[in-house]
1. Assuming 0.36 nm per residue, please report the length gained on full extension of the stretch residue 228 to residue 295 beyond their Cα-Cα distance.
2. Positive end of the charge dipole of segment 105-282 (Lys, Arg +1 and Asp, Glu -1 on Cβ, about the Cα centre): tell me which of 219, 197, 248 has its Cα farthest that way.
3. Restrict the search to segment 57-155; then list the trypsin sites (Lys or Arg not before Pro) that DSSP places in a loop and that have at most 15 other Cβ atoms within 10 Å of their Cβ.
4. Report the net charge of residues surrounding residue 109, where surrounding means a beta-carbon distance below 13 angstrom and charges are Lys +1, Arg +1, Asp -1, Glu -1.
5. Relative to the first principal axis of the alpha-carbon coordinates of the chain, what is the inclination of helix 105-121, with its axis defined by its Cα atoms, in degrees from 0 to 90 and to the nearest 10?
6. Using the Cβ atoms and a cut-off under 10 Å, what net charge is assigned to the surroundings of residue 143, where Lys and Arg are +1 and Asp and Glu are -1?
7. Using Cα positions and a limit of under 13 Å, work out the aspartates and glutamates in reach of residue 10, with same-chain residues fewer than 8 apart set aside.
8. Hey, fewest Cβ within 10 Å first, where do 302, 16 land in order?
Amino acid sequence: MKRNVLITCKQLQQTIDFYRSLFSEQGIEIELPHIVQKLDESELFKIIDRFDGVIAGDDEFTTKVLEKGKRLKVIAKWGVGVDAIDIEAANRLGIRVSNTPNVFGDEVADVVIGYIILLARQLHKLDQSIRKGNWNKIQGISLSGKTLGVIGVGSIGRALVKRALAAKMNIVGYDEAAIQPSFVKEIGLRIATFEELLKVSDFISLNCNLTSLNRHMLGDPEFAIMKKGVFIINTARGPLIDENALANALREGKVAGAALDVFEEEPLSPDSPLREFDSCIFGAHNSSNTYEAVMRTNELAIRNLLDGLKV
């Protein structure tokens, strides 16, 4: 019996030719809709009842969508965060939800370190200046001796800590979940409270999942207690930061710069207040996107899909 599978993850769509024969052998017909970043609730609602399974990006699998998907057996999330999926509704409806943990910690950590260096040495501003015909000597700051606050010490956070230590940075870590004791002992990681981390850090990197409890975990009150001149890096989830509050902190000089690969609204809105700041570096939710990481994640997501279809 033919089974229909929807693939909404752009990275898998771009490499789908590697897997067409596998899907065919398994009696699976695949559909690849046009994706910019994700499908919203209304877009999914129109089509979901045709599919037995999904390999999903960051699409909005609300209760309404899941209840419409009468044939749906499995949502195999490409990536880690499942915050866009109503897990409670999926469990109630007998829809298996899986993700692909621990597949691109190194890749995202590489990008975070890259952002830290760009911000510290103001390389993005130097590039912009030279392109305008100038030859300015823009002064930066050294990483050695600066404090990096790592919010979320999972696979990405741990990979980041190791890289930052090589740059002779001081590290403080915070996580809502328990941090691996063996890692803390091996690295000598200083564990801080959330408030303490905000107060002592020169750079703050968000590497945690989005939950109902940590939405806008960085807002006006949090920016108020940070060091003047702090740098913010977010490669996790956009709604972890109140972007209006961040814009205010940038405008007031409390935050010296930010590197953001994720946003509250994706793609970034043309009228976002963040666009006015040349001290910001923007990405396209792309920190994990290397050939090697994509192929690893593809294979795990497909395996999870096939396992779910067998249920």
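1. Numbers: separation 67, 0.36 × 67 = 24.12 nm, distance 4.14 nm.
Between residue 228 and residue 295, full extension yields 20.0 nm more.
2. Comparing the listed Cα positions along the dipole, 197 ranks first.
3. Counting only loop positions with at most 15 other Cβ atoms within 10 Å, the trypsin sites (Lys or Arg not before Pro) in segment 57-155 are 70, 71, 132, 137.
4. Working: positive: 158, 162, 163; negative: 106, 107, 110, 261.
Local net charge: -1.
5. Roughly 30 degrees between the two axes.
6. Cβ neighbours under 10 Å give a net charge of +2.
7. Within reach: 31, 58, 59.
8. Working: 302 22, 16 15.
Starting with the residue having the fewest Cβ neighbours, the order is 16, 302.
No value in this document is a laboratory result; all are computed from the given coordinates. Since this is a predicted model, take the numbers as computed values, not measurements. Positions of Cβ are generated from backbone atoms using ideal geometry, with glycine treated the same way; all protein chains shown enter the neighbour counts.
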